[in-house]
Amino acid sequence: RVEAMSVRGQVIELDRLRGDLLGRLKADRLTIADADGTWLTVEQVDLKWSPFALIGGHLDLAHVRADLIGVARRPVLGPAQEETQASPINRMDLRALDIATLNLAGGVAGPAQSYALSGRVNTEGLTGALGLDLRPTAVFGDIARSDLDWGGPTPLQGQAAISGAPSGLIATLLGLPS
């Protein structure tokens, strides 16, 4: 077990971290806990990245995969620390995100729900692109698919298809009334 850090009262723990720190890492389990206990669990994490790109302010992730992400409740966050400098990251590329099962307990973002999530995101300055596919693993649940670009000559362009219940995941995240 590797206990990595604590940020805003959140304690991050990794179990059975293995692989190449400078390329591809895997962990059996990642948990995040606050004063009330564990609120997030990630099983079978697989990350491939280029850490030397950070020298130039580029977070370069070839893929981030997980068999399961379980969110048991919303976290209790400690006070935010005053930022003294801008983020050293000015560009981010995540070429493949693949979450086989995303389980959200009731109250996290609407009723208890289970999804599969895949996507990609690229940002640099005020421009970027997002591809997302969120689909329920059960009979019911919200659906979101998007292929969007922002910045440049057109502020926002692309396609998005979103379908959800009045008190579902998307409505809850957007703060829409039930």
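The values are calculated or read from the model by the stated rules, or taken from the named source; none is laboratory data. No experiment lies behind these values; they were computed from the predicted model shown. Backbone-built Cβ (ideal geometry, glycine too); neighbour counts: all protein chains shown. Protein only, heavy atoms only, side chains kept; ligands, DNA and RNA dropped before computing areas. Shrake-Rupley method; radii C 1.70, N 1.55, O 1.52, S 1.80 Å.
How much FRET efficiency would the formula 1/(1 + (r/R0)^6) give for ALA129 and ARG73, where r is the Cβ-Cβ distance and R0 is 35 Å, rounded to 0.05? Spell out each step's value before the answer.
Details: r = 32 Å, r/R0 = 0.92.
Plugging the Cβ-Cβ distance into 1/(1 + (r/R0)^6) gives 0.60.
Counting alpha carbon pairs within less than 8 Å and at least 6 residues apart, what relative contact order, in whole percent, applies to the chain?
This gives 13 percent for the chain.
Within the chain, what is the longest stretch that has no GluC sites (Glu not before Pro) placed in a DSSP loop and near at most 10 other beta-carbon atoms within 10 Å?
For GluC sites (Glu not before Pro) (loop position, at most 10 other Cβ atoms within 10 Å), the longest site-free span of the chain is 84-178.
Tell me the mean residue ellipticity at 222 nm calculated for the chain from its helices only (DSSP H runs of n ≥ 4, each -39500 (n - 2.57), averaged over every residue, nearest 500).
-1000 deg cm²/dmol
Find the accessible area per residue for the chain; the probe is 1.4 Å, ligands and nucleic acids are left out, and the unit is Å². Display every interim value, and only then the final one.
Values: 10860 Å² over 178 residues.
Each residue of the chain exposes 61 Å² on average to a 1.4 Å probe.
Counting trypsin sites (Lys or Arg not before Pro) as exposed when in a DSSP loop with at most 13 other beta carbons within 10 Å, what is the longest stretch of the chain free of them? Walk me through the intermediate numbers first.
Details: sites that count: ARG1, ARG8, ARG16.
Counting only loop sites that pass the neighbour cut-off, the longest clear stretch is 17-178.
For the stretch 11-87, rounded, prolate or oblate, judged on the Cα gyration tensor with a ≥ b ≥ c (square roots of eigenvalues), a/c < 1.5 rounded, else prolate if a/b > b/c?
oblate
Compare ILE162, ILE32 by solvent-accessible area with a 1.4 Å probe and give them largest first, with all protein chains kept in place.
Details: ILE162 115, ILE32 30 Å².
Result of the area sort, largest leading: ILE162, ILE32.
For the stretch 1-112, give me the percentage of DSSP beta bridges that are antiparallel, rounded to the nearest 5 percent. Present the calculation step by step, with values, prior to reporting the outcome.
Values: 31 of 42 bridges.
That works out to approximately 75 percent antiparallel.
Say a paramagnetic label sat at a point 7 Å from the Cα of ASN122, along Cα to Cβ; which residues of the stretch 45-59 have their backbone N under 14 Å from it?
What the label zone holds, given the 14 Å backbone N cut-off, is 59.
Note down the magnitude of the dipole of the stretch 24-178 about its Cα centre, charges +1 on Lys and Arg C-beta and -1 on Asp and Glu C-beta and zero elsewhere, to the nearest 20 debye. If you can, show how the numbers build up before the last one.
Details: 12 positive and 16 negative charges, 54 e Å.
Computed charge dipole of the stretch 24-178: roughly 260 debye.
Between (i) 47; (ii) 63; (iii) 57, which entry matches percent of Cα pairs over 22 Å apart as derived from the coordinates of this structure?
(iii)
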